[in-house]
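In what follows, a structure is listed as C-alpha cells, so that the remarks can point back to it.
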Amino acid sequence: MQQKLKGARFRWINEALYTTTGDKALEMVQNDPTIFEEYHQGFSAQVEKWPVNPVDVFIDYLRSKPKQLVVADLGCGEARLSATVGQQHTVHSFDLVAYNELITPCNIADVPLPSDSVDVAIFCLALMGTDFIKFIREANRILRVGGELKIAEVVSRVSDVDAFVLALEGQGFKLTRTNAKNKMFIMLDFTKVKRSPAKLSDKPNLLKPCIYKRR
C-alpha cells in the first residue's frame, strides 16, 4: 500500500512539473522542498527498470573528449554528470533544488552563467515546463557559437520530430545528429550557429506532457 501511495505521489508531481512553467515549478518546490525529494525517489525507481539511462550516454560522450570542456547540465537531477566527469571537465549543474552541493538551484530559463561561456549544454529528460522554449533560448545564450546542445527526451513526448527540430533551429541552432534507435528515448544533437532572435515565439505543444492513466 505504501509503495502504491508513493507511486501515486510521484505521478502527481511528475504531471505538475510537465504542465506548468519553469517559474511556477520553482515556486512549487521552494514552498515544499519535499516535492523534489519525492520526485527523485520515484524517478530513481523508474531508472532502475530502463535498459539504458540516457545520462550514461552523455557521460560516455564527455569521457571521450580529451580537451577540457565547460558543460552546463540543465535540469541535472542528482548531478550524476558532474559527479562522474567533474574532474575531467568543468560541469555546472542546475535544477530547481540543490539536491546536493554540486547543484545550483534556479529556473533553468535563467541560469547564473555569462553569455557565450559554455561548450556543451545538456538537457537530459529536462524539458519539462510548458515554456521549454525559454530553456532552449537560455542554452543558446550561454553557449558559445559552435557549442553543442545535446537533448534526450522520451519518444512519446515528441510527436513531430521535424517540427521540434524546426523550432529549435529557429532559436539559432542547427541539427547535427539524430539517434532514434532506443525505443524509449530520442537523442538530438545541435550546434549553435547564431543567437536566438529577440522575439520569443513560444511552442508549448511541440512536446507532450507525461500524463498517466487514471486508475
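The values are calculated or read from the model by the stated rules, or taken from the named source; none is laboratory data. Owing to the predicted nature of the structure, the values given are computational and were not obtained by experimental measurement. Glycine also receives a Cβ, built like all others from the backbone with ideal geometry; neighbour counts cover every protein chain displayed. These accessible areas exclude ligands, DNA and RNA; they are computed on the full protein's heavy atoms, side chains included. Shrake-Rupley method; radii C 1.70, N 1.55, O 1.52, S 1.80 Å.
How much of the accessible area of the chain, probe 1.4 Å, is carbon plus sulfur, in whole percent? All intermediate terms of the calculation are to be shown ahead of the outcome.
Numbers: 5850 of 11180 Å².
C and S atoms contribute 52 percent here.
Around Lys65, under 14 Å between beta carbons, what's the net of Lys plus Arg minus Asp minus Glu among the other residues? Intermediate values should be presented prior to the final figure.
Numbers: positive: Arg63, Lys67, Lys150; negative: Asp60, Asp119, Glu148, Asp189.
My count for the surroundings of Lys65 gives -1.
Compute the Cα gyration tensor for the chain, then decide on rounded, prolate or oblate, letting a ≥ b ≥ c be the square roots of its eigenvalues: rounded whenever a/c is under 1.5, prolate when a/b is larger than b/c in the other cases, and oblate in all that remain.
On the way: a/c = 1.44, a/b = 1.30, b/c = 1.11.
Rounded, because the longest to shortest axis ratio a/c is under 1.5.
Anything over 19 Å Cα to Cα? Flag those among Lys24/Lys194; Lys24/Lys174; Lys49/Lys150; Lys24/Lys150; Lys24/Lys192; Lys150/Lys194, in the order listed.
Details: Lys24/Lys194 29 Å; Lys24/Lys174 30 Å; Lys49/Lys150 23 Å; Lys24/Lys150 25 Å; Lys24/Lys192 28 Å; Lys150/Lys194 16 Å.
With Cα atoms farther than 19 Å apart: Lys24/Lys194; Lys24/Lys174; Lys49/Lys150; Lys24/Lys150; Lys24/Lys192.
Rounded if a/c is under 1.5, else prolate if a/b is larger than b/c, else oblate: which is the stretch 91-169, with a ≥ b ≥ c the root eigenvalues of its Cα gyration tensor?
oblate
Residues of the chain: accessible area per residue at 1.4 Å, in Å²?
On the way: 11180 Å² over 215 residues.
With the other protein chains kept in place, the chain gives 52 Å² per residue.
From the Cα gyration tensor of the stretch 1-118, with a ≥ b ≥ c the square roots of its eigenvalues, which class applies: rounded if a/c is under 1.5, or else prolate if a/b is larger than b/c, or else oblate? Kindly include the intermediate steps, with their values, before the conclusion.
Working: a/c = 2.52, a/b = 1.42, b/c = 1.77.
Cα axes put the stretch 1-118 in the oblate bin.
If Lys and Arg each add +1 and Asp and Glu each add -1, what is the summed charge of the other residues whose beta carbon sits under 13 Å from the beta carbon of Leu26?
Values: positive: Lys24, Lys134; negative: Asp23, Glu27, Asp32, Asp95, Asp110, Asp131.
That sum, taken over residues with Cβ under 13 Å, equals -4.
Calculate the length of the line joining the C-alpha centroid of the stretch 39-90 to that of the stretch 157-171, in whole Å.
24
Taking only DSSP H segments of four or more residues, each worth -39500 (n - 2.57), what value at 222 nm results for the chain once the sum is divided by all its residues, to the nearest 500 deg cm²/dmol?
Taking each H run of at least 4 residues, the total per residue is -11000 deg cm²/dmol.
Tell me which chymotrypsin sites (Phe, Trp or Tyr not before Pro) from the stretch 39-102 have a DSSP coil assignment and no more than 12 other beta carbons within 10 Å of their own.
Working: sites: Tyr39, Phe43, Phe58, Tyr61, Phe94, Tyr99; in loops: Tyr99.
Here no loop site has a sparse enough neighbourhood.
Just to confirm a number: summing +1 for Lys and Arg and -1 for Asp and Glu over residues other than Gly86 whose beta-carbon lies under 11 angstrom from that of Gly86, what do you get?
Values: positive: Arg80; negative: Asp73.
Residues close to Gly86 contribute a combined charge of 0.
Which loop-located trypsin sites (Lys or Arg not before Pro) does the stretch 1-104 contain, where loop means any DSSP state but H, G, I, E or B and the Cβ has at most 13 other Cβ atoms within 10 Å? Present the calculation step by step, with values, prior to reporting the outcome.
Working: sites: Lys4, Lys6, Arg9, Arg11, Lys24, Lys49, Arg63, Lys67, Arg80; in loops: Lys49, Lys67.
Here the trypsin sites (Lys or Arg not before Pro) that fit, given the DSSP loop and packing criteria, are Lys49, Lys67.
Based on DSSP loop calls and a cut-off of at most 10 other Cβ atoms within 10 Å, the longest stretch of the chain free of exposed GluC sites (Glu not before Pro) is what? Don't jump to the answer; show the numbers that get you there.
Values: sites that count: Glu48, Glu101.
Answer from the scan: 102-215.
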